[in-house]
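These notes are about the structure you will find just below.
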Amino acid sequence: MRLYGRDAELAALSDLLDHARNGTSGTLVLRGDPGIGKTALVSQVIARADGFRVIRGAGIEEESELPFAGLHLLLRPALDRIDALPGVQAEALRGALGLAQAGPPDRFLVGLAVLSLLAELAAEQPLLCVADDAQWLDRASADALLFAARRLDSESIVLLLCARTGAFAAAGLPELGLKGLSAQAATELLPDGLPASTRYRVLAEAAGNPLALLELPRVVASARPEVPLPLTDRLRAAFESQLAGLPEATRTVLLVAAAEGAGDLAPILLAAGALGASLADLDPAREAGLIEVNGGALTFRHPLIRAAVHHTARLALRRAVHQALAAALDAPGQAGRRAWQRAAAAAGPDEEIAAALERAAGQARERGGDTGALAWYQRAAELSADPVGQARRLTLAAETAAGSGDLDQAAALAGQSLALIATGATPDQAQLVAQALQVQATVAFLRGEPAVAHRRLLAASELIAAVDQDQASGLLIEAVHAGWYAGQDELAEGVLRLEERLRPTPLERLLLRAVAPILGRSADRSDPNGALAEARAAAAGNVPELVLVCGLALLLGQDEAAQQIGGELSRDLRSAGQIGWLPTALFYSGSAQAYGGRHQEALRTVAEGLRLARDTGQQRWVDAFAEPLALLAAARGDEQLCRQLTAEALSRASRPAWNTPWTSSALGLLDLGLGRAESALARLETLAAGRKFFHIAATRSTPDLVEAAVRLGRPAAASEPLALFETWSRNTGQGWTSALVHRCRALLDGDDDLFRAALALHEEDTRPFDVARTQLLYGEWLRRDKRKADARAQLRVALETFERIGAAPWAERAKMELTATGTVGRAAEHGPSASLTPQESQIVRLAAQGLSNKDIAAQLFLSARTVGHHLYKAYPKLGVVSRSELADLELG
């Protein structure tokens, strides 16, 4: 079939095929209005895909609320390959597709399984994967496909996602927009023999839309020229004119197919039979080119044909069709579709149908289908027979909306629930009110209203305390977190409520210990290591609580513990395939590494976490990773990147003040390293004014402030911040914080013994950046004290450390000081891995440990082909030719 006016688009798609033949994968989102020719273009591409395996599926509007329905249709030809996937991925994919009983899958693990399955299909020959009508894909299927699309690399796969203009968000993926045909191409496409008046009218009305050019000639002669209609309506009218001449039985079976949505011929014919139609009645529609029937699948030639079938049917017949389909969909695993068909047929409240929808929604949430669950909960609420049931279902819908990031919808649904049952007279009602308040608090916090969130959480906790003490405790912890950002009064109120509990949990005790200095209280004299270990043990197996313990460890200066907890949690999450939580764990462990001066490790951890956060659409963590990245950029003197990260953070934050502590801290460190003490002090003094909130970055920047103040001869500026830092240090019980206190006092007092005490305390912990900075400051002090030989000993070790971790401005300072002592600083020596990218470095290290490409792929959530590609690029940089040589390298 000839394709008119699409030479440029065909060339672009042909390039994708050529690249895939050479081993490079590619993704393209093909966008355009209905009828613009997306399907025809894809058909041409398929015809050119010599040597490719092709799989093709489509989103179906009627199934856009059924979790993983679109994915099942797309992957149906490849289900026999699932056994080749790593066990946890195979289990997740089977559970998502309803092929086996499984626990709630991580939606991103399903995406990884899709990537692995596509890579498996491409192992023998290049693969062309096409998803038509992507705007109708259910959310779970879309998320899985987008996750896979963003991670394609060297698998020889072309993934085409076809969607209407303005629909189907696919941030970060390349797109090709189809416009109307040129006047010449449009004229060539028109049927021969049209009257001139009809030809001109069609050309004007179609505006280059190919489907309109083919279909409008059927109806344009009878249309009223003074009433222009939207193109989609005009096309639907064209299709409706074709339906008008079909036998009644044919229109009935078409309506059944349109309502069923998936194109599964068996239930379509079963339902049609109950309405007096049969398989033979499809022949007129097939002969008219409206549908295709292949094996057990029925497909409409265009989605607008389905819309026209619905539009022309009587309401009573549509209800009868939905009832017949509900009866036909009685196979195992079809409860959700059956409940939805029953709901479509309902004429008013029906508690039995509402309960079935609620059960289906719960099952959808377990399978990761939040969008489908939301629609089912809402419809269940509409069909509820009593206010309490309606409120419960609205609250569940609100929780689901909040979980999927639809804050406006979540707030509206929670408000509707509270309007129905605001008093909470019974325990069950009180729990419902508390749940709705918690949703409102979540929405408020994410919108930048922490004080509102704090009030909602306190109210919910008070309401539920007599019913469920554990839930009340969890709400109080959330309230303390919101109070942290709202203000000291709110924080103090939340802490007071926690302290009123007679038997606080280990996690609550750790939280109280962490916030004590913020409220001006004395440091806890109990063993901080024991408190952390107790809370960690109590949180074992509970990912959200372990994440909180990891964050509190950072707040308490327990960086080694935070790295260990974050590392173990990351390992367990990888093993379980819980990719959604992994960016959170990597953020805390990467931040702990950055604060601990393990800059290269931190860069690898943060780079992976940022990549995963982007791939999984977790914008909150994409933003959060700017904090350790800016700190690392400041330490190595990368002024452009540091300023870019901080400027972007302040410009996009809903409350820029939330980001001010870490941005000021990073910029202060940058200025200090580059010798701009005046600018550094100005930034850090502003930051110190808010230290009563004890933001982690604000607390930890105190030694930088002290150093800047001493350099400028303004020691008084350091007095109050250092006093607060000493209180925090006593509360941490950590040797490294005591070392920094001694360093600061040594700078202020010019005391040799304090410098030596700081270095002795540093020996208890491995924090290379902090140790080297103490050695640099001590060496500078010794040189000014005319003790050049002693100064050289400190400065040489500091220089070596700064060069090893890539802290360029600090290395330059050490060199200058060495020069001042009469010794020239030596050049830096870099290890063999210095030229590797963070991802290459990660892969090489795992390969050096003996892991196979498949094992590395499972750990890093890549395809095995991509792992092999990165190893191939890394070998020349490392000066090796095979995997066996990696173990002998000093990779650092």
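The values are calculated or read from the model by the stated rules, or taken from the named source; none is laboratory data. Quick caveat: nothing in here was measured; it's all calculated off a predicted structure. All Cβ positions, glycine included, derive from the backbone under ideal geometry; neighbour counts span all protein chains shown. With ligands, DNA and RNA removed, areas are computed over all heavy atoms of the protein, side chains included. Shrake-Rupley method; radii C 1.70, N 1.55, O 1.52, S 1.80 Å.
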Fill in the blank from the handout: Restricting attention to region 164-203, the residues that are buried (at least 17 other Cβ atoms within 10 Å of the Cβ) and part of a loop (DSSP other than H, G, I, E, B) number exactly 6
Handout entry: Unmet requirement for residue 801, which otherwise passes all of (1) modelled with pLDDT under 85; (2) under 45 Å from the mean Cα position of the chain (by Cα); (3) open to solvent by less than 40 Å² (accessible area, probe 1.4 Å); (4) among the hydroxyl-bearing types (Ser, Thr, Tyr)
Key = (1)
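Kindly indicate which of 739, 793, 789, 758 is in a helix (DSSP H, G or I), among the small types (Gly, Ala, Ser), more than 22 Å from residue 633 (Cα to Cα) and touching an Asp or Glu at 6+ places or on another chain (Cβ under 8 Å). Reasoning before the result, please.
Values: 793 fails: touching an Asp or Glu at 6+ places or on another chain (Cβ under 8 Å); 789 fails: touching an Asp or Glu at 6+ places or on another chain (Cβ under 8 Å); 758 fails: touching an Asp or Glu at 6+ places or on another chain (Cβ under 8 Å).
Answer to the selection: 739.
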Exercise for the section: Hey, could you check region 40-69 for residues that are part of a helix (DSSP H, G or I) and at pLDDT below 85 and say which is surrounded by the fewest Cβ atoms within 10 Å (Cβ to Cβ)? Expected result: 61
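Just to be sure I understand, how many residues within region 12-28 are in a helix (DSSP H, G or I) and of a type in the set (Gly, Ala, Ser)? Let's see the steps before the verdict.
Residues of region 12-28 that are in a helix (DSSP H, G or I), as a first pass: 12-21.
From what is left, the residues that are of a type in the set (Gly, Ala, Ser) are 12, 14, 20.
Residues meeting the conditions: 3.
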Problem - Selection within region 441-472 - within 23 Å of the chain's Cα centre (by Cα) and either outside any helix (DSSP H, G or I) or polar (S, T, N, Q) (or both) - result: 442, 447, 448, 449
Completion exercise
Scanning region 854-867 for residues that are modelled with pLDDT under 85 and assigned to a helix (DSSP H, G or I) gives 854, 855, 856, 857, 858, 859, 860, 864, 865
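Working carefully through the options 878, 871, 891, find the one that is surrounded by 13 or more Cβ atoms within 10 Å (Cβ to Cβ) and modelled with pLDDT of 85 or more.
Details: 878 fails: modelled with pLDDT of 85 or more; 891 fails: modelled with pLDDT of 85 or more.
One residue alone meets the criteria, 871.
For region 730-740, does any single residue satisfy the condition of being more than 21 Å from residue 702 (Cα to Cα), at pLDDT 90 or above and open to solvent by less than 60 Å² (accessible area, probe 1.4 Å)?
To start, the set of residues in region 730-740 that are more than 21 Å from residue 702 (Cα to Cα) comprises none.
No, every residue in region 730-740 fails to be more than 21 Å from residue 702 (Cα to Cα), at pLDDT 90 or above and open to solvent by less than 60 Å² (accessible area, probe 1.4 Å).
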Completion exercise
Conditions (1) within 26 Å of residue 299 (Cβ to Cβ); (2) of a type in the set (S, T, N, Q); (3) open to solvent by less than 10 Å² (accessible area, probe 1.4 Å) -> residue 135 fails only (3)
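Would you say residue 720 is part of a helix (DSSP H, G or I), surrounded by fewer than 17 Cβ atoms within 10 Å (Cβ to Cβ) and at negative phi? Before the answer, list the steps.
Working: part of a helix (DSSP H, G or I): yes; surrounded by fewer than 17 Cβ atoms within 10 Å (Cβ to Cβ): yes; at negative phi: yes.
For residue 720, the condition - part of a helix (DSSP H, G or I), surrounded by fewer than 17 Cβ atoms within 10 Å (Cβ to Cβ) and at negative phi - is met.
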Fill in the blank from the handout: When (1) in a helix (DSSP H, G or I); (2) of a type outside the set (A, V, I, L, M, F, W, C); (3) open to solvent by less than 70 Å² (accessible area, probe 1.4 Å); (4) touching a residue at least 24 places away in the same chain (Cβ under 8 Å) are applied to residue 377, the one that fails is (4)
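Considering region 764-798 alone, what residues qualify as being hydroxyl-bearing (Ser, Thr, Tyr) and open to solvent by 60 Å² or more (accessible area, probe 1.4 Å)?
First pass over region 764-798, keeping only residues hydroxyl-bearing (Ser, Thr, Tyr): 766, 774, 778.
766, the sole residue that qualifies.
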Problem - Search result, residues across region 318-344 that are open to solvent by 40 Å² or more (accessible area, probe 1.4 Å) and more than 24 Å from residue 76 (Cα to Cα) - result: 318, 319, 323, 327, 342, 344
Practice task
Could you please let me know if residue 540 is out of contact with any strand residue (DSSP E or B) (no Cβ under 8 Å at 6 or more places or on another chain) and assigned to a loop (DSSP other than H, G, I, E, B)?
Solution key: yes
Practice task
Go through (1) under 28 Å from residue 491 (Cβ atoms); (2) at pLDDT 90 or above; (3) surrounded by 22 or more Cβ atoms within 10 Å (Cβ to Cβ) and name the single condition residue 698 misses.
Solution key: (2)
